[in-house]
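Inspection log for the structure reproduced underneath, given as structure tokens.
Bear in mind that the values in this text are calculations on the coordinates, not laboratory data. The structure displayed is predicted, hence computed values, not measured ones. Cβ coordinates were reconstructed from backbone atoms using ideal geometry, including for glycine residues, and neighbour counts include every protein chain displayed.
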Amino acid sequence: MKPLRFHPDVQRDINRAMAYYGAISESLADEFWTEVSEAFRRIERNPRGHHFDSEGLRRFNLERFPFNVLYLEKPDRIRVQVVRHNSRHPTYGRKRRKE
């Protein structure tokens, strides 16, 4: 199993979503975090199990929350590029360096 590595801005993406849901309810923020964490585990277990988008990144859609995770598989790791809301502009997070 390849390890997950994260673009430095992914933490900011998650923090913003957590702040939004936390303003509604602390338990809702916890539920968001639980689903994002499970998404990371599922990506790590099966990185090729999710479809490509138009720019070659793979996309994992959360089930309950309107967010998706864009990532790419490298020979030695899985690089999570962005966690974004489905309504964000389609290019949001695409210009992040793909190490």
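Values as computed for the structure displayed
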| quantity | calculated |
| --- | --- |
| Qualifying positions in segment 64-84 - of a type in the set (Lys, Arg) and not in a loop (DSSP other than H, G, I, E, B) | 79, 84 |
| Test: residue in segment 16-27 that is in contact (Cβ under 8 Å) with a residue 12 or more places away in the chain, crowded, with 18+ Cβ neighbours inside 10 Å, among the aliphatic types (A, V, I, L, M) and farther than 22 Å from residue 1 by Cβ | yes |
| Count of segment 9-63 residues which are assigned to a loop (DSSP other than H, G, I, E, B) and touching an Asp or Glu at 6+ places or on another chain (Cβ under 6 Å) | 1 |
| Residue that is farthest from the chain's Cα centre (by Cα) [pool: residues in segment 43-82 that are in contact (Cβ under 8 Å) with a residue 40 or more places away in the chain and loosely packed, with under 12 Cβ neighbours inside 10 Å] | 76 |
| Search result, residues across segment 1-28 that are more than 18 Å from residue 72 (Cβ to Cβ) and touching a strand residue (DSSP E or B) at 6+ places or on another chain (Cβ under 8 Å) | 14, 17 |
